[in-house]
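Here's the structure we're looking at; comments come further down.
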Amino acid sequence: MSYNILYLLLFVLFSCNCSSMSEAQEEEREALTGRSESLPVEFGAGGNQQSCLITGLYPLLAELSSSLQSLKASMDQEQLRRKEEHNIAFSATLGNRGDVGPFNTNVPLVYQKVFLNAGSCYNTGTGIFTAPVKGVYFFSLSGHNKTSKPMALRLFKNGEPMTIIYNHPLTDAGIRYESLSNSITLMLEKGDQVFVHLLANTWVFDNNDNLTLFTGHLVFPL
């Protein structure tokens, strides 16, 4: 609503108030001078003036109500847009791939079986999560392997190592499978990237049980 309408509303309300004050002062003056017979006529005239002023407020109040409804609708749309923008979460696994590794260098892991990708910020072709907004994010990773082989998964933020899960091989007789997991909370700028590498000369295992996972979500925007 424009400021002109607000100014006009204030002016009309002020006028009504001033009219009421003038009538009270006139009534007091008439009482003091003993000319009380003139009061009904002047009070009636003042009442009509107030009635006209109040009647004139109706279209202004209607416009005010319409403006407030439009403002509320706009705010609701903006709130919905922000809610959708901040619904960021993903969960993915290596899938039924068996043993992965070893390699003679660090290799990015691409979690191709995706359970959830709200916001489409996890790239299933590269295994990289890209932050769409600045905020606090939570990530977790897990790995599964045979005890006869070493396993090492490292989570990176823009190429900087953040956390790791590592399983040393056992040399005793008898082979079994073990699982490890880790998690971390990070503050990310818009465009920051988070991903996981399988470190050189180590293994990781996954099958239909979805044992090796990479997940993350936006905790709150900043």
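The numbers here are math on the coordinates, done by the rules we state, and not lab data. Because the structure is predicted, anything quoted here is derived from the model rather than measured. Note: ideal-geometry Cβ built from the backbone for every residue, glycine included; neighbour counts use all protein chains shown.
Couplings for the stretch 206-215, taken from phi via the Karplus curve 6.51 cos²θ - 1.76 cosθ + 1.60 with θ = phi - 60°, read 8, 8, 5, 7, 6, 8, 10, 10, 9, 9 Hz in order; Gly and Pro are left as x. Annotation: extensible slack from D192 through T171 equals 3.5 nm (criterion: 0.36 nm per residue apart, minus Cα-Cα distance).
Across the stretch 142-173, the residues whose backbone nitrogen lies under 19 Å from the label position 7 Å along the beta-carbon direction of F115 are 142-145.
Cross-link check: pairs K113/K134; K72/K134; K72/K157 evaluated at a Cα-Cα cut-off of 29 Å; pairs beyond the cut-off: K72/K157. Extension gain, N123-M162: 0.36 nm per intervening residue step, less the Cα-Cα distance, totals 12.1 nm. Descending by average beta-carbon neighbour count within 10 Å, the peptides 111-124, 94-107 line up as 111-124, 94-107, the highest first. Let a ≥ b ≥ c be the square roots of the eigenvalues of the Cα gyration tensor of the stretch 80-222; is it rounded (a/c under 1.5), or, if not, prolate (a/b larger than b/c) or oblate? Verdict is prolate for the stretch 80-222. Taking label points 7 Å from Cα along the Cα-to-Cβ direction, S179 and V219 give a separation of 2.4 nm.
Taking amide H as placed 1.01 Å from N in the peptide plane, K113 has its amide H under 5 Å from the amide H of T93, G95, each at least 5 places away in sequence or on another chain.
With both labels modelled 7 Å from their Cα along Cα-to-Cβ, the D99 to N208 distance reads 2.2 nm.
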